[in-house]
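Trainee: Here it is, the structure in full.
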């Protein structure tokens with residue numbers, strides 16, 4: 001076991017000297033916020049390791065200072081029970097360890113406590129809930145706690161769990177706690193409200209095209225996650241599922257890479273909401289309208305005759321036209337469309353300003 005042998009002062013905490021008379025660390029300007037939803041104790045970090053490793057929480061670069069936890073704009077606090085590995089958006093989650101004689105501070109009080117990081121060595125069958133120890137000062141500000149935190153020794157992350165705004169009240173005999181709120185046993189099994197209808201749009205990210213599925217979410221008293229599914233219509237008008245994603249963000253991205261998605265595809269996405277504490281309780285899945293990725297001709301059906309009259313057709317692209325870096329040599333960026341007639345083929349060039 002590795003322990004931090006230095007006193008708090010040597011780590012930049014100065015815990016013994018930060019005791020102002022007006023508790024300025026409780027004021028809005030006296031602390032900073034840690035509000036990534038990935039810090040939730042119920043969030044499985046394996047989702048990030050498989051799809052978005054760059055978003056993993058790693059607090060070795062955290063600045064020393066007072067912090068308050070929020071989850072979806074609701075008060076949160078550090079958990080006081082061992083957290084399993086690969087939770088809280090990190091591999092080694094950090095929780096607040098209370099010994100038998102220790103308690104959290106009363107309103108207005110400050111206490112010096114110890115945080116622990118959970119770890120399990122490769123090929124080991126047991127985990128160590130407190131392999132690393134970190135000194136943490138905790139101030140009870142009445143409606144919330146603030147924590148005097150320091151950077152971690154490695155890639156670890158401080159955890160958070162939601163609490164009720166009323167703070168530290170016990171639930172009645174017919175109630176259970178979900179996300180820090182006391183909820184009746186019957187209502188606890190109700191699914192969350194479904195999301196707003198998703199919308200598919202295309203955006204350009206670093207010269208790559210992505211479809212974005214985004215939707216609105218109604219506020220809830222519990223922490224929620226989202227199940228997002230992508231599909232497209234086959235040539236037989238059958239929906240083919242392309243991808244499913246579980247996330248705590250109200251959107252999903254899928255690249256138009258010519259493999260998963262191609263020009264000319266008719267694309268859909270659907271979204272449902274579930275409670276992080278009870279992921280099996282899900283809302284109805286709401287599906288987007290069809291999105292066509294490609295070039296449209298308006299009107300879609302038109303007959304043009306060589307009768308000397310003028311005909312107007314509008315050509316519209318639903319996706320940005322990405323110009324290759326080599327097109328700069330030609331001083332133009334264009335795509336070509338072939339207009340077939342009865343007697344001859346003529347070539348149209350559609351130019352895009354660069």
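Here, each number is a calculation from the coordinates, and none is a lab measurement. In this text, all values refer to a predicted model and were calculated from it rather than measured experimentally. Using ideal geometry, Cβ is built from the backbone for each residue, glycine included, and neighbour counts are taken over all protein chains shown.
Trainee: Would you order 318, 125, 247 from fewest to most other beta-carbon atoms within 10 Å of each residue's own beta-carbon?
Mentor: Neighbour counts put them in this order, fewest first: 125, 318, 247.
Trainee: Determine the shape class of region 200-321: with a ≥ b ≥ c the square roots of the Cα gyration tensor eigenvalues, call it rounded for a/c under 1.5, and otherwise prolate if a/b is greater than b/c, oblate otherwise.
Mentor: In terms of gyration-tensor shape, prolate.
Trainee: Also, quick follow-up: I'd like to know how region 20-123 sits against the 2.2 N^0.38 Å rule of thumb: what's its Cα Rg over that expected value? Please list the in-between numbers first.
Mentor: Working: Rg = 15.2 Å, N = 104, 2.2 N^0.38 = 12.8 Å.
In units of the 2.2 N^0.38 Å rule of thumb, it is 1.19.
Trainee: Could you please rank 56, 85, placing first whichever residue has the fewest other Cβ atoms within 10 Å of its Cβ?
Mentor: Ascending number of Cβ neighbours within 10 Å: 56, 85.
Trainee: I would also like to ask the following. Which of 257, 265, 128 has the fewest other C-beta atoms within 10 Å, and how do the rest follow up to the most?
Mentor: 257, 128, 265
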